[in-house]
Amino acid sequence: MPIKLSPRTVKKEFIAKLAELSGQNIQECFQCGTCTASCPMLDQMDVTPRKIVHMAQLGLEEELEDLKTCWVCASCHTCNVRCPRGVDLPRVMEALRLMTLRKNKNYVEPSQLSEETVKELPQIAMVAGFRKLTG
């Protein structure tokens, strides 16, 4: 996915809010790709963790909202343990999810799920999913 930048694209407020919520300075990442190479959920993601950080460094808020990568992150901390710069990527992913949820936009509408789907899902997964994916 090519990224087109203009001076208006980079949102410094977004970068500052992400740093505040995550407690991480994403500008410390030098894009080595260790997080991507370490991620056990990589095959389920639409873009790599390294690209998520790069997009966040550029302040591409709208583009990040359209991706499912931060929702797929299992917060296993493998990337964090292996990061040579000590960037806690699971905290960044959580902050991205929180920023999206604060906009009160549902990505899953519980009333639209079929009865069969509801019966097949473990109840704890349903509750966790609703907490994570609904405003």
Distance in nm between GLU63 and GLN31 label points, each 7 Å along Cα→Cβ, equals 1.1 nm
Mean Cβ-within-10 Å packing, highest first, puts peptides 20-28, 45-53 in the order 45-53, 20-28
Expressed in nanometres to one decimal, the distance between label points 7 Å along Cα→Cβ at LEU98 and MET41 is 1.7 nm
On the formula 1/(1 + (r/R0)^6), with r taken between the Cβ atoms of GLU109 and HIS77 and R0 of 30 Å, the FRET efficiency rounded to 0.05 is 0.45
For 81-88, 35-42, ranked highest to lowest by mean beta-carbon neighbours within 10 Å, the order is 35-42, 81-88
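Taken together, the values in this text are just the output of simple stated rules run on the coordinates, not laboratory data. Please read these numbers as outputs of a predicted model, since none were measured by experiment. All Cβ positions, glycine included, derive from the backbone under ideal geometry; neighbour counts span all protein chains shown.
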